[in-house]
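Please treat every number below as a calculation from the coordinates, not as lab data. Treat the numbers as computed from the prediction; the structure is a model and nothing was measured. Cβ: placed from backbone, ideal geometry, glycine included. Neighbour counts: every protein chain shown.
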Amino acid sequence: MTMPTVELYALEDCTLCALDDCALCKEARSIIDRASRDLPFQFKEVGIDTSEDLFRRYKGEIPTVFINGKKVFKYKVDEAEFKKRVRKEIIKAGMSRIAKK
């Protein structure tokens with residue numbers, strides 16, 4: 001089974017952002033962590049402060065969450081909606097695999 005890929009774009013160095021942004025990133029990480037206990041997906045955290053280009057693109061939109069390359073959340077992650085979107089990608093991958101047989 002091909003697992004969906006979840007990417008979280010956030011700051012690694014929280015001194016570069018306002019306190020509220022840090023709280024949003026922590027909350028997003030927590031939601032993704034809880035979801036990973038129930039759903040199979042690959043997770044990658046991208047520190048936008050490691051690249052000038054990424055910092056320029058995402059500094060006003062953190063945290064940003066992508067599922068299979070599609071931006072699905074910025075600022076606030078809704079846990080129920082996150083799980084729903086991951087499940088949808090799991091189902092799509094399974095249907096694609098069946099169609100190829």
Label point distance in nm, Ser36-Lys71, each placed 7 Å from Cα along Cα→Cβ: 2.4 nm
Over 18 Å (Cα to Cα) among Lys59/Lys83; Lys26/Lys70; Lys26/Lys88; Lys26/Lys76 -> Lys59/Lys83; Lys26/Lys70; Lys26/Lys88
The stretch 5-100 shape via C-alpha gyration tensor axes, a/c threshold 1.5: prolate
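Could you tell me the calculated FRET efficiency between Thr50 and Met95, based on Cβ-Cβ distance and R0 = 22 angstrom, to the nearest 0.05? Walk me through the intermediate numbers first.
Details: r = 36 Å, r/R0 = 1.64.
Working from the Cβ atoms, E equals 0.05.
What's the magnitude of the charge dipole for the stretch 5-100 around its Cα centre, counting Lys and Arg as +1 and Asp and Glu as -1 at the beta-carbon? Answer in Debye, nearest 20.
The calculation lands at about 800 debye.
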Antiparallel %, DSSP beta bridges [both residues in the stretch 5-100], to 5: 55 percent
Give me the net charge of Leu39's neighbourhood, meaning all other residues with Cβ under 9 Å from the Cβ of Leu39; Lys, Arg count +1, Asp, Glu -1. +2
